[in-house]
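Where a number appears in this text, it was derived from the coordinates with a stated rule and is not lab data. Everything quoted here is computed from the prediction, not taken from an experiment. All Cβ positions, glycine included, derive from the backbone under ideal geometry; neighbour counts span all protein chains shown.
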């Protein structure tokens, strides 16, 4: 059985998720993981699915108009227990170059693994929400490092333990 990573991007429109899902189901693709979002009028999705060959999945998606797709085979994920403790990093402040780079570098420096990240610019307000897995006992040190970065960037940063039922 093949495991595929598929990306789809194009102008947002009603029915795009249904069109992609139906095309893939038609060739026997089982969607196992996905993320989909609308970004400033554009729709993007990344899917992991099992079943068809890359050529079969690509052919199924060719019938979709107005979107760019990519299909590639990936190795199955090793069964592993989640490592680290789940936390959420939130950033709010005036938009400026380098906020994502600085905050994510601080998280990486503390051994944190970013498992999900989204950003949004609304007017001049820039917001980051990142889910991170942290090594046990590292949260206090990371909070201190984030406070320093926040002061340098002129933004507000919070770090809080994630509620498992929310994730």
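The table for this structure:
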{"item": "Per-pair calculated FRET efficiency, R0 = 35 Å: residue 55 and residue 114 via Cβ, rounded to 0.05", "result": "0.60"}
{"item": "By average C-beta atoms within 10 angstrom, highest first, the peptides 113-124, 138-149", "result": "138-149, 113-124"}
{"item": "Radius of gyration and Dmax over the Cα atoms of the range 85-161, both given in Å", "result": "11.5, 37"}
{"item": "Mean ellipticity per residue at 222 nm, deg cm²/dmol - from DSSP H runs of n ≥ 4 across the chain, formula -39500 (n - 2.57)", "result": "-8000 deg cm²/dmol"}
{"item": "The chain - Debye-derived log10 I(q)/I(0), Cα point model, q = 0.09, 0.13 Å⁻¹", "result": "-0.42, -0.79"}
{"item": "Solution diffusion estimate, µm²/s, Stokes-Einstein, the range 2-73, Kirkwood Rh from C-alpha pairs, 25 °C, viscosity 0.890 mPa s", "result": "206"}
{"item": "Relative contact order (%) - criterion: Cα under 8 Å, at least six apart; region: the chain", "result": "23"}
{"item": "In nm, spacing of pseudo-spin labels at residue 122 and residue 12 (7 Å Cα→C-beta vector)", "result": "1.4"}
